[in-house]
Amino acid sequence: MHDRFYADILRTPHNRAILDRWDALALPDGWLVAGCLFQTVWNLKTGRPPTADIQDYDLFYFNPDDVTDDGERRMQAHVDSLLGDLGVRIEATNQARVHLWYEDYFGHPYAPLASSREGIDRFLVPCTCVGVRPGGEVYAPNGLASLYAGELRMNPLAPHGDLFERKAASYQARWPWLTIHSPEPLPG
């Protein structure tokens, strides 16, 4: 299924262009992640153009040696200089610093990460926990069956029901065939 997924995500020309320029990006522990991948699959399944409703293209990298805002801005400027001609919003996020801002932004604590893969592991919806690199490398810690089936469940590694419900509703508004499985109440 990984081969099918990788072939599907390449149907979005921006994904292909980003991966074609990957070596020049030189992102430490870099991954192309999230919506630009799983939304391409959902668009294809729905018969829509592969790029429909994709709002941005996310790049994760991990640099524990520079967890400053300035460091991330410099990396973003580097990414923009190499990919700005694509005409889409591309966001580079240093996963080594997410714990510094996540609670202020989302209202929930966030433990420090040890890699970009751990950041992918913590997406709110398990079927969206996907990342790719050139050459067909796919990281999908929860497999790909639920992604293709459109099964939206809350991630036990990110048990934030309020955030999950908003995210799942946003997805279902754009892809009505998706199925939302409401989270089980937490004990206590």
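The values are calculated or read from the model by the stated rules, or taken from the named source; none is laboratory data. These numbers were taken from a predicted model, which means no experiment stands behind them. Cβ sites come from the backbone with ideal geometry, for glycine too, and all protein chains shown count toward neighbours.
Below, the figures for the structure above:
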read-out: In region 1-26, the residues that are surrounded by 12 or more Cβ atoms within 10 Å (Cβ to Cβ), aliphatic (A, V, I, L, M), more than 16 Å from the chain's Cα centre (by Cα) and over 19 Å from F62 (Cβ atoms); value: M1, A17
read-out: Residue match in region 127-137 (condition: surrounded by 15 or more Cβ atoms within 10 Å (Cβ to Cβ), touching a Gly at 6+ places or on another chain (Cβ under 6 Å) and more than 21 Å from T46 (Cβ to Cβ)); value: no
read-out: Residue in region 168-175 that is without any contact (Cβ under 8 Å) to a residue 40 or more places away in the chain, surrounded by 14 or more Cβ atoms within 10 Å (Cβ to Cβ), more than 14 Å from the chain's Cα centre (by Cα) and not in a strand (DSSP E or B) present; value: yes
read-out: Single match in V88, V67 (criterion: touching a Phe, Trp or Tyr at 6+ places or on another chain (Cβ under 9 Å), touching a residue at least 24 places away in the same chain (Cβ under 8 Å) and either surrounded by fewer than 20 Cβ atoms within 10 Å (Cβ to Cβ) or closer than 29 Å to G143 by Cβ (or both)); value: V88
read-out: Candidates T51, T40, T46, T93, filtered to the one that is buried (at least 21 other Cβ atoms within 10 Å of the Cβ) and under 24 Å from K167 (Cβ atoms); value: T40
read-out: Hey, L163 aliphatic (A, V, I, L, M) and in a loop (DSSP other than H, G, I, E, B) or not; value: no
read-out: Selected residue (criterion: nearest to P159 (Cα to Cα)) from residues of region 102-124 that are of a type in the set (F, W, Y) and at pLDDT below 95; value: Y110
read-out: Test set (1) exposed (fewer than 14 other Cβ atoms within 10 Å of the Cβ); (2) in a loop (DSSP other than H, G, I, E, B); (3) of a type outside the set (V, I, T) - R74 fails condition number; value: (2)
read-out: Candidates R74, R166 - the one that is of a type in the set (K, R) and under 18 Å from A34 (Cβ atoms); value: R166
